[in-house]
Amino acid sequence: GKVDLATVHHALRPFAKLEWGAKLRESLEKFSPDLAGRQAALVLLGASKDPAALGIITEAAQKEDTKNAAIEALGWLGRPEAIPLVRALLARAERACKSQATEDEPAPDVFARREGSTIVECALALYRLGEPEALPRLLEVYGRVRLLGRIFQNAGKRRVAETDLQGIGILKRIHEGNEKLQDR
């Protein structure tokens, strides 16, 4: 298959160098339809610890399609002045998770489907940035993710007939939730 930045950025991240920053910033300043490539470039830009990266990463954190990659980049950037932004993004995701919950779709479902990846990225970024209260927060998020994982596994054991609408809905949410959890 094709090898591009999106497929190898996790392997490259530990080896990122400050010298990469200029080239990564340049690639992010011009529009590219390759979303996965832009997300990978953001993560590597953060890992490069380029002093000029904070503005670009902050701007990307405000866009829905690059938000999670930008949050991860902020964590790797290692600049404590990013902590208030990450806290604000975390608070916004948690509020959205609570406000979007309905009787038909409870908060754990919203967490698993919509806001969970953002909340996880924020907790990890705060931990990487040295936030004093990050470890308890990270453990809380880990507990939620593990609980949802166990719920998905147990619900997957349920036998569903073609006419069992509730069971079909559960299986659909399980598959969608598993895909989100495996993407992380």
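The values are calculated or read from the model by the stated rules, or taken from the named source; none is laboratory data. Remember, predicted model here, so these are calculated numbers, not experimental data. Every residue, glycine among them, receives a Cβ derived from its backbone with ideal geometry; neighbour counts consider all protein chains shown. Accessible surface areas use protein heavy atoms only, side chains included; no ligands, DNA or RNA. Shrake-Rupley method; radii C 1.70, N 1.55, O 1.52, S 1.80 Å.
What to note about this one:
- Pair list, Cβ under 9 Å, 6 or more apart: region 1-23 residue under 10 Å from Leu44 (Cβ atoms) and modelled with pLDDT under 90, other residue in a loop (DSSP other than H, G, I, E, B) and open to solvent by 60 Å² or more (accessible area, probe 1.4 Å): Leu5/Asp34
- Selected residue (only one of Gln62, Gln39 is at pLDDT 90 or above, of a type in the set (S, T, N, Q) and either closer than 30 Å to Gly169 by Cα or in contact with a Ser or Thr (Cβ under 7 Å, 6 or more places away or on another chain) (or both)): Gln39
- Qualifying residue in region 92-100 (condition: at pLDDT 85 or above and under 20 Å from the mean Cα position of the chain (by Cα)): yes
- Residue check, Leu44 aliphatic (A, V, I, L, M), crowded, with 16+ Cβ neighbours inside 10 Å, within 14 Å of Ala125 (Cβ to Cβ) and in contact (Cβ under 8 Å) with a residue 12 or more places away in the chain: no
- Top-ranked residue in region 48-98 [being under 22 Å from Glu133 (Cβ atoms), without any contact (Cβ under 8 Å) to a residue 40 or more places away in the chain and among the acidic types (Asp, Glu); ranked as surrounded by the most Cβ atoms within 10 Å (Cβ to Cβ)]: Glu94
- Of the residues making up region 2-18, those that are open to solvent by 60 Å² or more (accessible area, probe 1.4 Å), outside any helix (DSSP H, G or I) and either polar (S, T, N, Q) or touching a helix residue (DSSP H, G or I) at 6+ places or on another chain (Cβ under 8 Å) (or both) are Lys17, Leu18.
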